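Working notes, beginning with the structure itself.
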Amino acid sequence: MSKYIKGSARFTVISEGCVRIEYADGGEFLDAPTLFAVRESSHHADIIEDSDKLTLRTEKLTLTYTDNGPFSGENLCIEVHTGGVCATWHYGDALKNNLGGTLVTLDGVCGERPLPDGIISRDGFYVIDDSGKPFISDDGWIKNRSANHRTDLYFFAYGHDYKAAIRDLRASSGAFQLPRRCVFGSWYSRWWRYTADEFLDLVDQYDKNGFPLDIMVMDMDWHYQDWGHAEGEPYALYGYGHAGANLGWTGYTWNRTAIPDPPALLQKLKDRGIKAVLNDHPADGLRDHDDGYSEFIRELCEKGYTEEVPDIPEKVSQREKENAGRGVKNFRFNAGSPVYMDAFFNHALSRIESDGVEFWWLDWQQDYLYPTVNGIKDLPHLPWLNHLYYEHSKKGGKRGASFSRWGGIGDHKHPAYFSGDSVSGWETLAFEVKMTATAANAGCFWWSHDIGGFVDPIPGGQAENYVRWVQFGALSASLRLHMNGVEGFDRRPWTWGEPYCSAMREAFHLRSRLFPYIYSSAYESCRDSLPFIRPLYYECPEAKEAYEHPTTYFIGSHLIVSPVCEEMGESKKAQSSLWLPDGVWFDFFSGQRHEGGPVTVENDLFTFPLFVRAGAPIITQPYRDRMTTAAYSDLNIAIYADGENGGTSLLYEDDGETEDYKFGKCRTTSVTYSHSNGEYRISLIPQGFFEGAVEKRSVTVTLRNVPCLSLGSANAEISYCSDGRELIIKASEISASAPITFVLR
């Protein structure tokens, strides 16, 4: 038993450290999921009960409730006794010492901003309030919950074991989802009216200048706007527009003036290994001037749909009033209606997806027009649309992709996320790095930022700042260049001159080479419910220094990065003071050895603080211009040896697009290094298979800081550089599905 009822209160033990707390008049409890909560996990607890008192105890908490009415500070308390913390929470107590979560968006952000709560607090517990939030019914649609269901809380007890808190978030709110492989690659985006030929020329420029590219984003100019398909005549005759300015902000008709043959363009991009993503502002819905409108209206009429969206006359533009007088009638966007949204997905999105679109960039910014989902109490559009778009994008067995702003705690089930229109500058970069790390505390693992900033207040841009932003993007979830449409400069790195272009090329190439490590770490992150990027205090919760360096973070388990967020100055060196956890760490670029503790390093424009755990195999590939689709036919494994430090890494492979990996169609290769009694061992142990997996590959192992050794294995070559104490093993055309061990003495 995991649900315990006392009068009008119900307590559901989800795990040792998480309990759901409900109060419902007449025992009208809720068993359906919400946008935050799932209804899967349950756990046993020890119970002590008498006539009016219930005590519930797990290894991590003790809850006491006296049945004398709705919850209060006098009748409900929880004692936390885990992870080095002993504390007591009473219902209604203020939550303190929170370590921060993440913003919904960075729109307009310039510099530091206060962060909302995540679930991680130095107090060792946190409470999420899901009271009054709508639920998802059996038909998959959102519904208002009964007013009798007064209170719905989730109490997390974890002490200083912050990893346990994130595991409990998964248990209560749902599994962390692995995005499609392409999301982790290199993206190009710009708010600019590109033609089909210009999109193809951009790919040529990437290739010619030696930069990798995986995704081409087409901002809102892929469709018609206020400029015409007929000369001198506005195309968009209906809409509330954006801030009352542009009635063509929403659109679902290809701009054939710029892109005459959309399927042909998308096929050419696909043939060159590029995915296409389209921007979508859906707030005005599908309108009578759009392709697909007649089929859209026919489906709505056949299903008996009628207008249900309340009027908002004070916010209707003058042109909309004029159109109403002309008899122009369009159903308004209605995310509260399953009939409307089914027809919308069928005739607005699916129709265009069939041309070859990978997924949509959901750019919802219209809460000033529609504050809440129609018919649903107090529910903003963003979290609900993220859910709908994600589910829609799973057609054909694909992994979902909502690519939208962050919808709040619980939205981790609908990756990935873009952080909005930030303002370029050093303070903004520092804040963005910090916010990306603390986003782990809210379960937001996959931030994709406008690298360089969306708006640059300095004419011509800030080249050094842009380089450092690119280096940060290279060691985050995705490397997506984007900015607004300013005449004269954009984010193409090769247009920024030297040495900035070369420095950015180095960062892009680093991303490409590290891709096997990045994607494998992303898989482990979802499998283990462990943030892909995480603050130092996840690994070192009792070290005060771990809380004092907010722009230093782990990416995966074996790399620590601290992006440069300040100008170099006259010295042309950036000095960074940071802190490393206990153990031995090596500078990725210089190879310098560091003991855990305070570290001060200097970096030129081409490098930044990046540290490798001693003994950990770092799995990379040669540079690939399409990093996310290149097969792992050649692997490089770098190991910084130090005494008898050893380690294990995982190489993860799958088809990159479907959910087949959840059913075992993937391959994991355990790569282990050990050193004992003068013997060095590197083992590769593969398991599993998927369609398209490479059958043979070449492996190069670089073992640093070792003496000259002999190789006791066949089918491999060995060389040694005495100056760098670097030993290289090369094995060609080995089976990717059979284990192999290299033994050196």
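The values are calculated or read from the model by the stated rules, or taken from the named source; none is laboratory data. Please read all numbers here as calculations on a predicted model, not as lab measurements. Ideal geometry is used to build each Cβ from the backbone, glycine not excepted, and the neighbour counts take in all protein chains shown. Surface accessibility is based on the protein's heavy atoms, side chains included, excluding ligands, DNA and RNA. Shrake-Rupley method; radii C 1.70, N 1.55, O 1.52, S 1.80 Å.
Computed quantities for the displayed model
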| read-out | value |
| --- | --- |
| Of all accessible heavy-atom area on the chain, the percent that carbon and sulfur account for (1.4 Å) | 48 |
| Theoretical gain in end-to-end length, residue 573 to residue 377 [0.36 nm per residue, Cα-Cα removed] | 65.1 nm |
| Rounded accessible area of residue 436 (nearest 10 Å², 1.4 Å probe) | 10 |
| Cα gyration tensor, the stretch 569-697 - rounded (a/c under 1.5), prolate or oblate | oblate |
| Computed over the chain: relative contact order in percent, which uses C-alpha pairs under 8 Å that are six or more apart | 11 |
| Net dipole in debye of the chain [+1 Lys, Arg Cβ; -1 Asp, Glu Cβ; about Cα centre; nearest 20] | 1300 |
| Restricting the stretch 543-575 to trypsin sites (Lys or Arg not before Pro) in coil, as DSSP defines it, with at most 16 other Cβ within 10 Å | 572, 573 |
| Total lysine pairs under 25 Å (Cα atoms) in the stretch 22-169, excluding pairs fewer than 8 apart on one chain | 5 |
| Gain in span if fully extended, residue 47 to residue 148, counting 0.36 nm per residue against the direct Cα distance | 33.7 nm |
| Within the chain, helix-based [θ] at 222 nm, where runs of 4 or more DSSP H residues each add -39,500 (n - 2.57), nearest 500 | -5000 deg cm²/dmol |
| Magnitude of the charge dipole, the stretch 591-714, Cβ model with Lys/Arg +1 and Asp/Glu -1, debye to 20 | 280 |
| Gyration tensor (alpha-carbon) shape descriptor, the chain, a/c threshold 1.5 | oblate |
| Listed residues 264, 661, 673: farthest to the positive end of the dipole of the chain (Cβ charges) | 673 |
| Accessible area per residue, Å², the stretch 1-76 with all protein chains present, probe 1.4 Å | 43 |
| Set of lysines near residue 268 by C-alpha distance (under 29 Å), chain-local residues within fewer than 8 positions excluded | 208, 394, 395, 398 |
| Simple label model, 7 Å out from Cα along Cβ direction - residue 339 to residue 648, nm | 5.7 |
| Given 434/544; 696/730; 275/665; 544/573, the pairs whose alpha carbons are separated by over 20 Å | 275/665; 544/573 |
| Cα-centre dipole for the stretch 34-153 with unit charges at Cβ (Lys and Arg positive, Asp and Glu negative), debye to 20 | 280 |
| FRET efficiency estimate (nearest 0.05) - Cβ-Cβ, residue 711 to residue 676, R0 22 angstrom | 0.80 |
